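Derivation of every value follows stated rules applied to the coordinates shown; laboratory data play no part. All values derive from a computational prediction rather than experimental measurement. We place every Cβ from the backbone using ideal geometry, glycine too, and count neighbours over all the protein chains shown.
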Amino acid sequence: MSDLNVGDAVPELKVTPDKYLPHRYAGASGDFNPIHIDDEFAKMVGLPRNILHGLYSMGLVAKANAALAGGDPRALKRLSVQFRGMGMPEQEIVVSGTVKSVDGDRVVIDTVAAQGETQIIKNAEAELEL
Amino acid sequence: MPIKTDAVGKEWPAVTYQVGREKIKEYAAALGIDNPVHFDVGAAREAGFRDVVAPPMFAVVYSGPALGPVLFDPEVEMNFAAMVHGGQVFEWGEPVCSGDEISTVPKCLSIEEKGGKGFYVFETVSTNQDGAEVVRGTWTNIVRGV
């Protein structure tokens, strides 16, 4: 049973990925697309700089939701996201969420990941078994 | 020119991935996840897992490679230069632990044109060595100016 109620805000996760985070994530994930790890290449194709991997930001959304279950990796049953604005290294990411529905031990959290005014992940919906 | 939809419904061969402790640790560390069940086999077993357990989004590590051949398939004919990852869904089943051998089968669910953009939707179904489903992924790639 969970003590969450519809409309409750869940604890925020704040992370500032350092300059080399995209390189570490590339190694960890196997995604070496140069737009994430090569600043010159990124600028050549019209980006402001090398950008974060969308799936890294989704990983932070998963982490923020798993935290509601004390980090238990079994709790997250489903996660659906839309990638929107580009995520930038060296800028704080704030992951915030609101309880959308509660059905017994099944809880759905509406989640957003943002850098300042830019939403980098929107319409994220996490289904947890708590 | 209308968007090419020949690949809709097509399945590609399974790709297998052998899950290891060090790779799970590397992934968890990159995300700043510090639960010892991802790092320490003793802590993982105490929590009821066979071995060091993967965080849910480790799914990208074992299921993502199955999409490589799909994106380069001439029947799909996707313009990479104009492609962005638009959306992602994962639905998890059995937890994935070190020592598991995960097999992932990719399939093309739909290819549609909407407002001058191509929406390419692929599904990956990943099962472990016992045949239990561990994750089902839905990957939406958007190509501008089709």
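When the P(r) is computed for chain A, the part past 23 Å accounts for 34% of the Cα-Cα pairs. Assuming R0 = 30 Å, can you tell me the calculated FRET efficiency for the pair A:E117 and B:A132, based on Cβ-Cβ distance, to the nearest 0.05? That gives a FRET efficiency of 0.10. Using the empirical formula 2.2 N^0.38 Å as the baseline, the Cα radius of gyration of segment A:1-61 reaches a ratio of 1.52.
Can you pull out the trypsin sites (Lys or Arg not before Pro) in segment B:47-140 that DSSP calls coil and that have at most 12 other Cβ atoms within 10 Å? It would help to have the intermediate numbers written out before the result.
On the way: sites: B:R50, B:K107, B:K114, B:K117, B:R136; in loops: B:R50.
For trypsin sites (Lys or Arg not before Pro) across segment B:47-140 that sit outside H, G, I, E and B with at most 12 neighbouring Cβ atoms in 10 Å, the list is empty.
Evaluate the relative contact order of segment A:9-129 (contact order divided by residue number), counting alpha-carbon pairs under 8 angstrom at least 6 apart; express in whole percent. Each step should come with its number before you reach the end.
Numbers: 242 pairs, mean separation 34.7, N = 121.
Relative CO of segment A:9-129 lands at 29 percent.
At q = 0.11, 0.22 Å⁻¹, what log₁₀ I(q)/I(0) does segment B:59-144 have when each alpha carbon counts as one equal point scatterer in the Debye sum? Values, matching the q order: -0.32, -1.01. Scanning chain A for GluC sites (Glu not before Pro) lying in DSSP loops with no more than 16 further Cβ atoms inside 10 Å, the longest uninterrupted stretch between such sites is A:1-89. Were the residues from B:A47 through B:E113 laid out at 0.36 nm apart, the gain over their Cα-Cα distance would be 19.0 nm. Neighbours of B:G48 by Cβ distance under 11 Å: Lys/Arg scored +1, Asp/Glu scored -1, total +1. Cross-linked pairs A:K100/A:K122; A:K100/B:K23; A:K63/B:K23: Cα-Cα separations exceed 26 Å for A:K100/B:K23.
How much net charge surrounds A:H23 when only the other residues with a Cβ under 15 Å from the Cβ of A:H23 are counted, with Lys and Arg +1 and Asp and Glu -1? Write down the numbers at each step before the final one.
On the way: positive: A:K19, A:R24, A:R49; negative: A:D18, A:D31, A:D38, A:D39, A:E40, A:E90, B:E26.
Spelling it out: positives minus negatives among the neighbours equals -4.
In this label model, B:E75 and A:Q91 are separated by 4.1 nm, measuring between points 7 Å along each Cα→Cβ vector. Counted by Cβ distance under 12 Å from B:T127, the other residues give a net charge of -4, where Lys and Arg count +1 and Asp and Glu count -1. Computed on chain B, with alpha-carbon pairs under 8 angstrom and 6+ residues apart, the relative contact order is 30 percent. When the alpha-carbon atoms of segment B:1-133 are used, the pair Rg, Dmax equals 17.4, 59 angstrom. Using Cβ point charges alone (K and R +1, D and E -1), the dipole size of the protein assembly as shown about the Cα centre works out to roughly 500 debye. On a per residue basis, the convex hull of the C-alpha atoms belonging to the protein assembly as shown measures out at 134 Å³.
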